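The values are calculated or read from the model by the stated rules, or taken from the named source; none is laboratory data. Computed from a predicted model, the values in this text were never measured in an experiment. When we count neighbours, we look across all protein chains shown, and the Cβ atoms used for this are built from the backbone with ideal geometry, even at glycine. Remember, those area values only see protein heavy atoms, side chains included, never the ligands or the DNA or RNA. Shrake-Rupley method; radii C 1.70, N 1.55, O 1.52, S 1.80 Å.
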Amino acid sequence: MMSPKHLEGYVNKFAGRHNIQELDTIDQMELLAKYMIGKKLSYREMIS
């Protein structure tokens with residue numbers, strides 16, 4: 001069951017996967033790594 005609290009995150013995750021599905025695996029990983037630079041999610045933020 002999906003939690004309404006986290007629904008936006010689930011939707012964003014699947015939309016992101018859909019938008020990069022035509023890229024090969026290496027290109028997908030490079031793109032994801034590029035957008036992770038400077039991002040940090042603490043456990044406390046994740047569960048709040």
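By how many degrees, 0 to 90 and rounded to 10, does the Cα axis of helix 25-36 deviate from the longest principal axis of the chain? Long axis of 25-36 versus the principal axis of the chain: about 50 degrees.
In whole percent, and with a 1.4 Å probe on the protein chains, what portion of the accessible area of the chain is carbon and sulfur? Whole-percent figure for carbon plus sulfur exposure: 61.
Note that the chain presents 103 Å² accessible area per residue, ligands and nucleic acids not counted, probe 1.4 Å.
Applying a DSSP loop filter and a limit of 10 other Cβ atoms within 10 Å to the trypsin sites (Lys or Arg not before Pro) in the chain leaves LYS39, LYS40.
The heavy atoms of MET46 offer some 100 square angstrom of accessible surface to a 1.4 angstrom probe. Straight-distance candidates among the lysines for linking to LYS5, with alpha-carbon spacing under 23 Å and chain neighbours fewer than 8 residues away dropped: LYS13, LYS39, LYS40. Read through the labelled values (1) 13.9; (2) 14.9; (3) 12.6 and report the label of the one computed as Kirkwood radius over Cα pairs in Å from the structure. Comparing each candidate, only (3) matches the computed number. Qualifying GluC sites (Glu not before Pro) in region 1-37, where qualification requires a DSSP coil assignment and no more than 14 other C-beta atoms within 10 Å, comprise GLU22.
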